[in-house]
1. Which of A31, G320, Y308 sits farthest toward the positive end of the charge dipole of the chain, with +1 on the Cβ of Lys and Arg and -1 on the Cβ of Asp and Glu?
2. Hey, what number do you get for the chain at 222 nm if only DSSP H runs of n ≥ 4 count, each worth -39500 (n - 2.57), divided across all residues, to the nearest 500?
3. Can you send over the carbon and sulfur percentage of the accessible area for the chain, probe radius 1.4 Å, protein chains only?
4. Sum up the charges of everything whose Cβ sits under 13 Å from the Cβ of S333, counting Lys and Arg as +1 and Asp and Glu as -1, but leave S333 out.
5. Restricted to Cα positions, what overall size does the stretch 109-250 have along the principal axes? Three whole-Å values, descending.
6. Could you give the C-alpha radius of gyration of the chain expressed as a fraction of 2.2 N^0.38 Å, taking N as the number of residues it contains?
7. Could you state the accessible area per residue of the chain in Å², with a 1.4 Å probe and every protein chain left in place?
8. Between G41, N86, A121, whose Cα lies farthest towards the positive end of the dipole of the stretch 1-126 when Lys and Arg beta carbons carry +1 and Asp and Glu beta carbons carry -1, centred on the Cα centre?
Amino acid sequence: MNDPFYIGKKEVKIPVFQGGMGIGISLGRLAGAVAKEGGVGTISISQIGFREPHFYQDPLTANRRAIHKELKKAREIAPDGIIAFNIMVAMNQYEEHVKEAAEAGADLIVSGAGLPVDLPAYTKEYDIALAPIVSTEKSAKVILKYWSKKYQRTADAVIIEGPLAGGHLGFRQNQLEKFDQDAYDIEVQKIRKIVAEYEELYGRKIPVILGGGIYTAEDCRHAMSLGVDGIQVASRFVTTEECDADENYKMAYLNARKEDIAIIKSPVGMPGRAIMNPFIKRIMEGERKAPNHCLSCIHTCNPANTPYCITEALIHAAKGEIDQGLIFCGAKSYQAEKIETVKEVLNSFQLI
């Protein structure tokens with residue numbers, strides 16, 4: 001067991017960060033349950049207000065309301081726990097969402113899907129910890145150097161997402177082919193070395209958290225053997241009683257076979273890992289489903305030629321309309337066999 005570490009002033013009692021899963025998969029209930037047990041619970045901000053009134057007319061206002069509602073829900077479950085928001089850099093109105101999360105009183109902002117170069121500027125008025133998501137030595141070097149030079153600060157934690165993660169991946173297709181387990185273990189060590197330089201510069205601990213394909217105690221032991229301080233786990237929490245996902249969504253995980261999980265090309269220009277279903281198969285065969293309501297949610301998306309609206313597809317899945325939706329998942333999600341509790345999942349990693 002590694003030495004205890006802190007996020008802000010709060011000790012992380014179990015070194016497990018629950019990964020953010022949007023749209024609507026990791027909200028206040030799941031985040032609160034993880035935080036209650038001593039881990040770090042994460043609420044995904046991606047179109048968090050999709051169930052709010054007038055969402056399609058004014059998504060930013062709907063999202064702002066939902067940010068406060070979901071954080072309140074998590075705090076009621078875990079008053080003293082660590083609650084984070086995951087916010088994608090690729091979102092339009094990124095700054096507004098960041099400031100709302102900080103204003104709501106979250107403990108931590110986790111940010112990836114692009115480099116969060118100006119995250120410190122948006123949160124300078126708030127007492128909130130910041131954790132960039134990186135996937136390569138290069139991205140870690142760029143973000144930590146930029147924050148130090150421009151803002152005279154460093155990260156409060158660094159989260160590494162490896163090539164076996166679910167959802168959007170921080171790799172090009174050729175990198176995914178390059179990084180087998182051994183090659184990526186070396187990359188993790190390179191990232192740790194970069195982080196260590198800034199620990200020395202700032203005279204304090206910067207926890208390094210590794211995620212992507214961590215599903216069992218054996219996976220956890222391997223991750224920790226690389227010298228990281230904790231693990232990030234997302235897909236394993238989908239099949240829990242406390243997960244905010246619809247029951248049909250959870251069943252899609254339980255029914256998935258290894259061969260059902262594939263890398264797809266997301267309409268926002270990034271590779272992603274998902275469960276194959278009738279919707280994805282039609283898209284891969286060349287069918288186009290024009291957006292019904294363009295929310296201008298991702299700045300890399302062009303609604304005039306996108307094969308489908310990723311927000312609409314993720315909302316369909318979150319509502320349990322599985323055959324019409326996009327079901328993101330990690331590489332080892334096919335290992336899900338039953339619905340568990342959050343406590344059972346955390347205990348299974350044998351970190352206590």
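The values are calculated or read from the model by the stated rules, or taken from the named source; none is laboratory data. Keep in mind it's a predicted model, so treat the numbers as computed, not measured. Quick reminder, even Gly has a Cβ in these numbers, built from the backbone with ideal geometry, and neighbours come from all protein chains shown. Heavy atoms of the whole protein, side chains included, go into the accessibility calculation; ligands, DNA and RNA do not. Shrake-Rupley method; radii C 1.70, N 1.55, O 1.52, S 1.80 Å.
1. Toward the positive end, the furthest listed residue is Y308.
2. -11000 deg cm²/dmol
3. 48 percent
4. Around S333, the charge tally is +2.
5. 45, 35, 28
6. Values: Rg = 18.7 Å, N = 352, 2.2 N^0.38 = 20.4 Å.
Taking the Cα Rg and dividing by 2.2 N^0.38 Å, one obtains 0.91.
7. Working: 15250 Å² over 352 residues.
Ligands and nucleic acids excluded, the result is 43 Å² per residue.
8. Result: G41.
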